[in-house]
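The values are calculated or read from the model by the stated rules, or taken from the named source; none is laboratory data. The structure displayed is predicted, hence computed values, not measured ones. Note that we place each Cβ from the backbone using ideal geometry, even for glycine, and neighbour counts take in every protein chain shown. Note: areas computed on protein heavy atoms with side chains; ligands, DNA, RNA excluded. Shrake-Rupley method; radii C 1.70, N 1.55, O 1.52, S 1.80 Å.
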2 protein chains.
Amino acid sequence: MSTTLIGLDWGSTHLRAYRYDAQGAVLEKRALAHGIRHLPEGGFPVAFAQATDGWPDVPVLACGMVGSRNGWQEVPYLDTPTGVDRLADALTAMTTPDGRTLHLVPGLRDPGRPDVMRGEETQIVGVMAQSPDVARKGTLLLPGTHSKWVSLRDGVVTGFATMMTGELFGLLTQHSILGAQLPPAVDDAHAFVRGVDMARDSGAAGALSRVFSARTLMLDGTLPASSVPDYLSGLLIGDELRMAIAAGWADVQSQVHMVGEGPLCDRYLQAAARFGLAVQAAPDATTSHGLWRIADAAGLTSTHATA
Amino acid sequence: MSTTLIGLDWGSTHLRAYRYDAQGAVLEKRALAHGIRHLPEGGFPVAFAQATDGWPDVPVLACGMVGSRNGWQEVPYLDTPTGVDRLADALTAMTTPDGRTLHLVPGLRDPGRPDVMRGEETQIVGVMAQSPDVARKGTLLLPGTHSKWVSLRDGVVTGFATMMTGELFGLLTQHSILGAQLPPAVDDAHAFVRGVDMARDSGAAGALSRVFSARTLMLDGTLPASSVPDYLSGLLIGDELRMAIAAGWADVQSQVHMVGEGPLCDRYLQAAARFGLAVQAAPDATTSHGLWRIADAAGLTSTHATA
C-alpha cells in the first residue's frame with residue numbers, strides 16, 4: 001500500500017511517528033523517547049531521522065512542542081476561534097538539514113483569557129473528525145499535567161482554559177510540607193473520594209482553602225500518611241471539576257467528552273460522578289486522526305503518494 | 001529589677017527568648033537561629049541553654065513548633081473554641097536534662113475544618129491582651145508561609161483557617177513551569193497589582209484556574225519574565241483574599257486586623273485595597289505579650305520572682 005503522509009506527535013517527553021496510506025489509515029507507528037526535552041546527541045535532526053528511518057520521502061506533518069520557543073522552530077500561535085481549515089492554512093514549513101520539508105501545526109491561543117496550547121489542537125481536530133456531534137456543540141476535557149477544557153461550536157474551537165492540576169499534584173507531593181517525609185504511597189480509593197468531596201463541598205472559596213487539611217487529617221490520625229497522595233489527588237482533581245463548573249465549562253445538564261485513557265482518566269471519571277457530572281470517553285487515537293485531517297485540509301495528502 | 005519569667009518563641013526556623021520583670025515588661029530579648037529545624041549540636045538542651053544563658057532560674061514558658069511532633073516534646077492540640085484560661089490550664093510541663101521545668105503552650109485545633117496552628121495561638125492572645133475591642137469581636141489575619149485567618153468572639157478563638165499562600169508561591173516560583181528558567185526577579189508593583197486583579201476577577205472559579213496566565217502573558221510579551229514572581233505573588237495573595245471573602249472570613253463592611261509587619265504585610269495591605277477591604281495593622285510584639293498573658297493566667301508569674 002502506498003505511503004501518503006508521515007505524521008509526528010512531538011511533545012516535551014515523547015515523539016510518536018505515524019505512516020499513513022492514501023486513505024488515512026495508519027500503516028505503521030513508532031514511539032521514541034525523544035521528546036524535545038530528551039533529544040539524542042545531534043538534537044532534532046537525529047531524532048527526526050530516527051523517527052522516519054526507512055520510510056518514503058512523503059510530506060511530514062508534526063504537532064506539539066516541536067513548534068514551541070524551545071522547539072525545532074517556533075511557530076506562532078493561532079488565535080481562537082479556529083477550525084481545521086484555519087489550522088491547515090497556518091502551517092509553517094521548514095527544511096531539515098537533509099533537505100526534507102517538515103510542516104508544523106501551530107498551537108492555539110485563546111486571547112480572551114489569555115491561554116495557550118500546543119499539540120492538543122491536533123487531538124481536538126481528531127475528536128471532531130470522529131465525532132461530528134461533539135464538533136457541532138461540545139465540551140472537551142483533556143486531563144494531564146496541564147489539563148485543558150475546550151469549547152467546540154460548529155466545528156470551531158471557540159475557547160479553552162488550562163488548569164495545572166497534574167503539575168500542582170507533583171509540587172505538593174514532592175516539595176511541600178504536605179508531602180514531605182511521607183512513607184511510600186499506598187492506593188487508597190477512600191482517601192481519593194474523601195479529597196474529591198472536600199473539594200466539592202468547599203464552595204466558592206475552593207479547595208485550595210482546604211488543602212492544609214491533608215496535614216491536619218494526618219496529624220489527627222484519621223488519614224494514613226501513606227494515603228495523603230491519593231487524598232491530594234482527589235482534592236485537586238475535585239477542585240478542577242469545581243472550577244470548571246464555576247467557570248461554566250461543565251454543568252450537570254450536559255455531557256463532557258474526555259480525551260485520553262488510563263488510570264488518570266479513571267480518576268476523573270470517578271471524581272465526576274461525585275459531582276453528578278456526565279463525562280464520556282471520546283474516541284481514541286485522536287492525535288493520529290487529527291494529523292491526517294489537518295494534512296488533508298492542507299492538501300498534503302493527495303500529491304506525493306509513493307510506493 | 002527582678003526577673004519573673006522567661007518566655008520562648010520557638011518555631012521551625014527561629015528561637016526568640018524574652019526575660020520579663022514582675023510587671024510583664026521585657027527586660028532583655030535574644031534571637032537565635034536555632035529553630036527546631038536548625039538545632040545546634042546537642043539538640044534542644046543546648047539551644048535551650050544558650051537562649052537562657054546567665055538568666056535567673058525562673059519559670060520558662062515556650063510556644064511554637066517546639067511542642068510539635070518533631071519538637072522537644074509533643075503537646076496535644078487544644079480544640080477551639082479556646083480562650084486564654086483554657087490555654088493556661090492546658091500547659092504541658094517537662095523537665096530539661098539540667099533539671100529546669102519548661103512549660104509548653106499547646107497548639108490549637110479547629111475541629112470543624114479540621115485545621116491546626118502552633119505558635120499563632122500565643123500571638124493571638126497577645127493581640128487580645130492589647131486590643132480588647134478586637135478580642136470582643138474581630139477577625140485576624142496572620143500572613144506567612146501558612147497564613148492564618150482567625151475569628152475572635154468575647155475573648156475566645158472560635159475558629160480559624162490556614163491558607164498555604166507563601167508555600168505555594170515558593171513552589172510555583174522555584175519548581176513549576178511558571179517559574180522555571182526565569183531571569184532574576186525585578187520589583188514590579190504593576191505586575192503585582194495585575195495579579196491581584198486577575199485573582200479578584202476570577203469569580204468563584206478562583207485564581208488557580210487562571211494561574212497558567214503567568215506563562216501565557218510572558219509568552220505574549222506583555223509580562224516581562226523578570227516580573228513573573230511579582231505577578232504570581234499578586235495572584236496568590238489576591239486569591240487568599242478572594243477565598244477569605246468567599247468563606248466569610250472577611251467582608252467589605254468590617255475590618256480585618258493584620259498581625260505582622262514588613263514587606264509581606266505591605267503586600268497584603270496593597271492587595272486588600274484592590275478588594276475594597278479595610279485591613280488594619282494590629283499591635284506589635286504580640287508573641288512576647290501573649291507569652292506573658294498565658295503565664296500570668298497559669299499563675300507562673302507570681303511565685304518565683306528572683307533578684
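The table below gives the values:
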item: Residue match in the stretch B:159-175 (condition: farther than 22 Å from A:Leu168 by Cβ and at pLDDT 95 or above); result: yes
item: Residue in the stretch B:51-66 that is within 14 Å of chain A (Cβ to nearest Cβ) and assigned to a loop (DSSP other than H, G, I, E, B) present; result: no
item: Residue list for the stretch B:242-258, filter: at pLDDT 95 or above and away from chain A (no Cβ under 11 Å); result: B:Val256, B:His257, B:Met258
item: Residue, farthest from B:Pro229 (Cα to Cα), within the stretch B:149-165, restricted to residues that are away from chain A (no Cβ under 11 Å), open to solvent by 10 Å² or more (accessible area, probe 1.4 Å) and β-branched (Val, Ile, Thr); result: B:Val156
item: Helices (runs of 4 or more DSSP H) fully within the stretch B:82-152 counting 3 or more residues that are in contact with a strand residue (DSSP E or B) (Cβ under 7 Å, 6 or more places away or on another chain); result: B:120-130
item: Positions within the stretch A:200-234 being within 11 Å of another protein chain (Cβ to nearest Cβ), in a helix (DSSP H, G or I), aliphatic (A, V, I, L, M) and under 15 Å from A:Phe169 (Cα atoms), in sequence order; result: A:Ala207, A:Leu208, A:Ala214
item: Boolean, A:Asp266 is among the acidic types (Asp, Glu) and part of a helix (DSSP H, G or I); result: yes
item: From A:Gly126, A:Gly159, residue being among the small types (Gly, Ala, Ser) and over 19 Å from B:Leu208 (Cα atoms); result: A:Gly126
item: Filter pass, A:Leu168 being assigned to a helix (DSSP H, G or I), within 11 Å of chain B (Cβ to nearest Cβ) and surrounded by 16 or more Cβ atoms within 10 Å (Cβ to Cβ); result: yes
item: Residue match in the stretch B:253-267 (condition: within 30 Å of A:Pro111 (Cα to Cα), touching a helix residue (DSSP H, G or I) at 6+ places or on another chain (Cβ under 9 Å) and either crowded, with 24+ Cβ neighbours inside 10 Å or without any contact (Cβ under 8 Å) to a residue 24 or more places away in the chain (or both)); result: no
item: A:Ala271 being open to solvent by less than 10 Å² (accessible area, probe 1.4 Å), under 25 Å from the mean Cα position of the chain (by Cα), closer than 30 Å to A:Gln181 by Cβ and hydrophobic (A, V, I, L, M, F, W, C); result: yes
item: Any chance A:Leu142 is out of contact with any Leu (no Cβ under 6 Å at 6 or more places or on another chain), in contact (Cβ under 8 Å) with a residue 24 or more places away in the chain, more than 13 Å from every other protein chain (Cβ to nearest Cβ) and under 22 Å from A:Gly238 (Cα atoms); result: yes
item: Number of the exception - B:Gly248 against (1) in a loop (DSSP other than H, G, I, E, B); (2) within 30 Å of B:Ala93 (Cα to Cα); result: (2)
